[in-house]
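The values are calculated or read from the model by the stated rules, or taken from the named source; none is laboratory data. In this text, all values refer to a predicted model and were calculated from it rather than measured experimentally. Quick reminder, even Gly has a Cβ in these numbers, built from the backbone with ideal geometry, and neighbours come from all protein chains shown.
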Amino acid sequence: MRKVLTLIFLMSAVFIYSQDYGFILHQNFVFGSSENIEYTALGIPWFAAPIGKKADVYLSASAGAELWNDWKFLFEVNRFEIKYNPLNSLSYTFGRQNFSDSHGLIMSGLFDGISLSANIKGSKLNAGIFYTGLLYKRTAFITLSQNDMDNYNDNKEYFSSKRIAGGINWEKTSIFDTQGNLWLSGIFQSDLNNDSQKIHSEYLAARFSAPLGNILTLDLGAIAELLQQTNTSLQAAFAASADLHFMFSKKKLSLLSLGGLFSSGKTDNAVEAFKPLTGVVQGKILRPTLSGLSLAQVNYNINLHKTLSAEAYAAYLFRDKNNVDFDGINPNSDSPALGGEFYLSLSWAPFSDLFFSLGAGIFVPQMGKAFLDSEKIKYRMELTAGISL
């Protein structure tokens, strides 16, 4: 770790006359019905500078303390990239960088590797190939297999699951000379872990968005997945999304969103539970990943003041009957109805470099039939504060 910090300092010195830099203090506190407190306090230095006329470097890291079962020191390399722009319409990025599919539901986050971005006749192409085995496991959140999950829950393990992943994204705005937008993605991941049960998968995704009048926008998406699991024949999985967004701006800017997500569950034939590369949590309280899960949700965001905004959220969650990865589930129930959850949050930014957020909510298992009758209401409270220096 000292060598990494020394390298950052030395590279910073090279570009001292043209650099931009800063330091962020970030704290996050979570308390829930599990009675486990999660707390993270991080210092995040960052540095950006040009390299000649056609390249740029961006470096950031975080160091601090984390309480997750036990206290421990935490160090993580965040973005650590060099971008080369040989043409105005073409760029290459090397190092640890952000990459996401068109939905953000298959793979999303920081990855180590190389990517390119090109503007081609009114459309944008983005492609990359990456390695995941040097990422911090809690940030990467890769839990496709039981081996991945065991590694994630092992306090002695720091690094994420070892996989090669990547793909191609294509974005076309104003398709057919309309205000509609189209995104297409092809994603893959290959298991490199030393494990007898490997999971490889490929994904095709499409997303379409278009305004329906002055205040309404329709957003539709679909994902098809092929899985190759050890000693198992080729299997298919699916996911889909649909959302309506209502934007209001007469008195106070606000956004009302109605929609839902669906992901396939395991059946007796060739259909398997949808397994994304990165486990993006769904909902606010129960927070499952999108695997054998579906939900209907409504979300309302409003700017109460130029420094204050609020969010109200409600959802009803459904599961595939084989998805029992929840505390308190009834082993004798095959009901898909998990229950409903409700969440409220406030965000306050009194200055551009100071931010606070407070959110709290409940999940009510009694609104469904999948949990034990004795299961209590689950709750979660989260407080986040950040300052940029």
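Among the residues of the stretch 49-59, is there at least one that is surrounded by 17 or more Cβ atoms within 10 Å (Cβ to Cβ), farther than 30 Å from residue 378 by Cβ, at pLDDT 90 or above and of a type in the set (Ser, Thr, Tyr)?
Scanning the stretch 49-59 turns up at least one residue that is surrounded by 17 or more Cβ atoms within 10 Å (Cβ to Cβ), farther than 30 Å from residue 378 by Cβ, at pLDDT 90 or above and of a type in the set (Ser, Thr, Tyr).
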Next item on the list: From 105, 110, grab the single residue that is part of a loop (DSSP other than H, G, I, E, B), surrounded by 15 or more Cβ atoms within 10 Å (Cβ to Cβ) and either touching a residue at least 60 places away in the same chain (Cβ under 8 Å) or within 21 Å of the chain's Cα centre (by Cα) (or both).
Entry: 105
Next item on the list: Please specify each residue of the stretch 258-286 satisfying the condition of being surrounded by fewer than 18 Cβ atoms within 10 Å (Cβ to Cβ), modelled with pLDDT under 90 and either more than 28 Å from residue 161 (Cβ to Cβ) or not hydrophobic (A, V, I, L, M, F, W, C) (or both).
Entry: 266, 267, 268, 269
Check: Of all residues in the stretch 301-319, how many are in contact with a Lys or Arg (Cβ under 9 Å, 6 or more places away or on another chain) and of a type outside the set (A, V, I, L, M)?
Finding: 3
Notebook entry, point to check: Can you pull out the residues in the stretch 152-165 that are within 21 Å of residue 201 (Cβ to Cβ) and either surrounded by fewer than 21 Cβ atoms within 10 Å (Cβ to Cβ) or basic (Lys, Arg) (or both)?
Noted result: 152, 159, 162, 163, 164
Note to self: Can you say whether residue 321 is of a type in the set (Lys, Arg), surrounded by fewer than 18 Cβ atoms within 10 Å (Cβ to Cβ) and assigned by TED's automatic domain parsing to the domain that holds residue 278, as far as the supplied structure shows?
What the structure shows: yes
Check: Restricting attention to the stretch 180-206, which residues are under 23 Å from residue 117 (Cα atoms) and not in a strand (DSSP E or B)?
Finding: 180
Next item on the list: Working only within the stretch 359-389, note down all residues that are under 21 Å from the mean Cα position of the chain (by Cα) and under 19 Å from residue 34 (Cα atoms).
Entry: 359, 360, 361, 380, 381, 382, 383
Check: What about residue 127, is it crowded, with 17+ Cβ neighbours inside 10 Å and part of a strand (DSSP E or B)?
Finding: no
Notebook entry, point to check: Which of the residues that make up the stretch 239-278 are out of contact with any Ser or Thr (no Cβ under 6 Å at 6 or more places or on another chain) and of a type in the set (Phe, Trp, Tyr)?
Noted result: 246
Checklist line | Among the candidates 368, 386, 359, residue that is crowded, with 17+ Cβ neighbours inside 10 Å and touching a His at 6+ places or on another chain (Cβ under 6 Å) | finding: 386
